[in-house]
Amino acid sequence: HKHKEEDAPFDKMTINNNQPFTEFDQLNCALDQEQIQPVVRNILSTMVPGDHVVAAIPSTLWVGKSPCLQPNHTHVWMSINLISANTNGIQKTMQRATALKHKGTALFNREEWSEAASFYKEALRWALKCRNALRNIEPITRENKGQEETKESTPQVESDATNQVEELRMKCHLNMASCHLNAKKPRRAVSRCNRALELDAHSMKGLVRRSKGYLQLHLFEKALDDLKTANRLYPTNELVLKQMKRTKKKQLAAKTAGNTNR
């Protein structure tokens, strides 16, 4: 990671027992992983390029001598701007997103729809962090004596990472849609399917699950439009054919009931 620590307007701030603390001198750093304070590394792992945080770090967690820590100070205050991140940091964020998705799936299998949706939503938030980081990634270089710098990250690596992130985002949106359908929250389900179809307009699951949301809302024509689109794309898919038959049956039943009430 590269990070930048800047002085901030801390002159009016105090810490424990109203003890004043000294401002940092401005520090502009480009540090190797081994040089970053462990506690700062933990903070950086939750950030993407462009993020800014202000952190109060207990002096007991600071490794080595601080540039400004005095004997009576209990905390080190830092203003951190993350300028860039390499693919290793992004991979860790992706692993966290994937782990959250797996927890959501475990809850889904127990039919705990609301809790599962919450984990999928949190997984999506971390996946979006990965996406934003990949958009702002800078090539990581290593200086070799007497040689030109060699790029350690390649376009192929970044492309693979982007595909993984987009695939995870798609799964999270579709899984959240399923949670909302089971919880009888069709508008939320339709909204999540819209997001999924923005990522892939040919998604069979996105079209079928959105049709199910429309069906719960009694929007039969919209439901059938999605199923007709899915049928054109996947003409032999049994799930699409079964859902189309079910939708037409419910539409007919609704028309029959309406005529009877008249």
- Sorting 201, 214, 178 by the position of each Cα along the dipole of region 174-229 (Lys, Arg +1; Asp, Glu -1; all at Cβ), the one nearest the positive end of that ordering is 178
- Message: If amide hydrogens are placed 1.01 Å from N in the peptide plane, which non-local residues have theirs closer than 5 Å to the one on residue 76?
- Response: 57, 59
- Task: Would you rank 120, 234 by solvent-accessible area, highest first, keeping every protein chain in place and using a 1.4 Å probe?
- Result: 234, 120
- Working note, region 213-262: Cα radius of gyration (Å, one decimal) and Dmax (Å, whole number) are 12.0, 39
- Give, as ranges by residue number, the residues of region 114-133 whose backbone N falls under 20 Å from the point 7 Å along Cα→Cβ of residue 159. 131-133
- Leaving out ligands and nucleic acids, note down the accessible area per residue over region 184-262 with a 1.4 angstrom probe, in whole Å². 67 Å²
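Sorted by mean Cβ packing within 10 Å, highest first, what order do the peptides 171-179, 235-243, 74-82, 127-135 take? Write down the numbers at each step before the final one.
Values: 171-179: 25.4, 235-243: 13.7, 74-82: 18.6, 127-135: 20.6.
Result, highest mean first: 171-179, 127-135, 74-82, 235-243.
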- For region 251-256, Karplus-derived ³J(HN,Hα) couplings (6.51, -1.76, 1.60; θ = phi - 60°; whole Hz; x for glycine and proline) come out as 4, 4, 5, 5, 5, 5
- Quick one: pull the percent of accessible area on region 198-262 belonging to carbon and sulfur, 1.4 Å probe, ligands and nucleic acids left out. 51 percent
- Full extension between residue 228 and residue 252 adds, at 0.36 nm per residue less the Cα distance, a length in nm of 6.9 nm
- Distance in nm between pseudo-label sites at residue 112 and residue 54 (7 Å out along the Cβ direction from Cα): 3.8 nm
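The values are calculated or read from the model by the stated rules, or taken from the named source; none is laboratory data. What you see is a predicted model; the values in this text were computed from it and never measured. With ideal geometry, Cβ positions are generated from the backbone for all residues, glycine too; neighbour counts draw on all protein chains shown. Only protein heavy atoms, including side chains, enter the accessible area calculation; ligands, DNA and RNA are left aside. Shrake-Rupley method; radii C 1.70, N 1.55, O 1.52, S 1.80 Å.
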